[in-house]
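Have a look at the structure below, then the notes.
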Amino acid sequence: MLRFIKLTKNYGIQTVLDEVDFEIASGEFVSILGVSGSGKSTLISLLIGAEKPTSGRIEIDRLVIENLSSSEMQSYRQKIGVVFQDFKLLEKKTVFENVAFVLEVCGASNSEIEVQVGSILRRVGLSAMSHKFPHQLSGGEQQRVAIARALVHSPRLLIADEPTGNLDPENTIEIAKLLQKFNREDKVTVIVTTHDPMLLQNIAPRVLRLEHGKIHEEKHWKNPLHEDD
Ligand code: ADP
Ligand code: MG
């Protein structure tokens, strides 16, 4: 589904990604683990087409992301869902409206919106909160709204950049399990970046370590939180 081919990104004289090569198959759950500043968000920006590579390319179903026309980019963006560390909810809209907004932009009817938003809020466990505003929710709840918003249009690919960066350990595990649930039940491909092995606790994703601009496949990744296993 996704191929990263000799992908390089420089900022000035700094090489953040250095001829990175890897592939992600449809339906996989992949975690990109790297310390702060290792280039995780840079990789995500290239993947969502917000930045262009210095050299190399990313292909989605053999189309090069950098070369997508504006209408192709629009249709690509409708096939992906993105979640960020800081939730990025609209503060003046309710939970329901935050999620409904995505479908309104796609031109869905009011009845479709009612059904689909209701269904996704149920699946993230927030039905009872649909009329609250973001500031009335905990961090974990806000991130669940962001996940509902990212998934309400049934994308093929869910991209989460440090989704648990602002959350406590309990909520971190909660969010990780939620991502895993959608991966299993809906076959949505999930790419999640993190600096925190806690996120990977209790789930067994494919782990790619991003370090010094290179991606290393962790074939025998061992959760450091389970050192004694
Ligand atoms: P991470 O998300 O892993 O913390 P980033 O991808 O945000 O890492 O950043 C990787 C490196 O690239 C950092 O040294 C950062 O300062 C640099 N960087 C990121 N974005 C830019 C930019 N727009 N301009 C210049 N340098 C940048
Ligand atoms: Mg980042």
If you build a Gaussian network model of the chain, linking Cα atoms that sit under 10 Å apart, which residue out of 191, 24, 159 swings the most?
24
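Where the accessible area of the stretch 109-150 is counted over protein heavy atoms with a 1.4 Å probe, how much of it, in %, is carbon and sulfur? Numbers along the way, then the final one.
Values: 1020 of 2030 Å².
Heavy-atom surface of the stretch 109-150 belonging to carbon and sulfur, 1.4 Å probe: 50 percent.
Quick one: pull the percent of accessible area on the stretch 4-63 belonging to carbon and sulfur, 1.4 Å probe, ligands and nucleic acids left out. Mind showing how you got there, number by number?
Details: 1380 of 2790 Å².
With neighbouring chains kept in place, the figure for the stretch 4-63 is 49 percent.
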Alpha carbon centre of the stretch 145-212 versus the stretch 1-24: separation in Å?
22 Å
Per residue value of the accessible surface for the stretch 32-176 (all protein chains in place, 1.4 Å probe), Å²
48 Å²
For the chain, what relative contact order do you get, as a whole percent, if you take Cα pairs closer than 8 Å and at least 6 residues apart?
29 percent
Out of 116, 30, 12 - ranked by how far each Cα lies towards the positive end of the dipole of the chain, with unit charges on the beta-carbon of charged residues - the top one is 116
Report the paramagnetic label zone for residue 90: residues of the stretch 103-120 whose backbone N is under 13 Å from a point 7 Å from Cα along the Cα-to-Cβ axis.
103-107
PRE zone check, label point 7 Å out along Cα-to-Cβ of residue 170, amide N under 18 Å, scope the stretch 141-163, hits 141-145
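Using the Kyte-Doolittle scale, find the helices of the chain whose mean hydropathy is at least -0.5 and whose Cα atoms extend 15 Å or more along the helix's long axis, counting only whole DSSP H runs. Intermediate results must be reported in sequence, preceding the final value.
Details: long enough: 95-105 (16 Å, 1.59); 110-123 (20 Å, -0.27); 139-151 (18 Å, -0.18); 169-186 (25 Å, -0.99).
Helix filter hits for the chain: 95-105, 110-123, 139-151.
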Largest fluctuation, 91, 28, 162 only, Gaussian network model of the chain with Cα springs under 10 angstrom, belongs to 91
Cα principal axis extents for the stretch 1-55, largest first, Å
36, 23, 19
Along its three principal axes, how long is the stretch 57-135 when you only count alpha carbons? Whole Å, largest extent first please.
43, 30, 23
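Roughly how big is the stretch 1-128's charge dipole about its Cα centre, with Cβ charges of +1 (Lys, Arg) and -1 (Asp, Glu), in debye to the nearest 20? Intermediate values should be presented prior to the final figure.
Values: 14 positive and 16 negative charges, 26 e Å.
Approximately 120 debye in magnitude.
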Take the Cα atoms of the chain, find their three principal axes, and give me the spread along each one in whole Å, biggest first.
51, 47, 32
What ³J(HN,Hα) values, in whole Hz, does the Karplus curve 6.51 cos²θ - 1.76 cosθ + 1.60 give for the stretch 49-58 when θ = phi - 60°, with x put for Gly and Pro?
x, 7, 9, 10, x, 6, 8, x, 7, 10
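Would you calculate the volume per residue, in Å³, of the smallest convex hull containing every Cα atom of the stretch 1-111? Show your work: numbers first, answer last.
Details: hull volume 16.7 nm³, N = 111.
Looking at the stretch 1-111, the number lands at 151 Å³ per residue.
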Sticking with the crude label model, points 7 Å out along Cα→Cβ, report the distance from residue 3 to residue 128 in nm, one decimal please.
5.0 nm
How much accessible surface does residue 135 have with a 1.4 Å probe, in Å² rounded to 10?
140 Å²
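The values are calculated or read from the model by the stated rules, or taken from the named source; none is laboratory data. The shown structure was predicted, so the numbers you read here are calculated from the model rather than taken from an experiment. So basically every Cβ, Gly included, is an ideal-geometry build from the backbone, and we count neighbours across all protein chains shown. Surface accessibility is based on the protein's heavy atoms, side chains included, excluding ligands, DNA and RNA. Shrake-Rupley method; radii C 1.70, N 1.55, O 1.52, S 1.80 Å.
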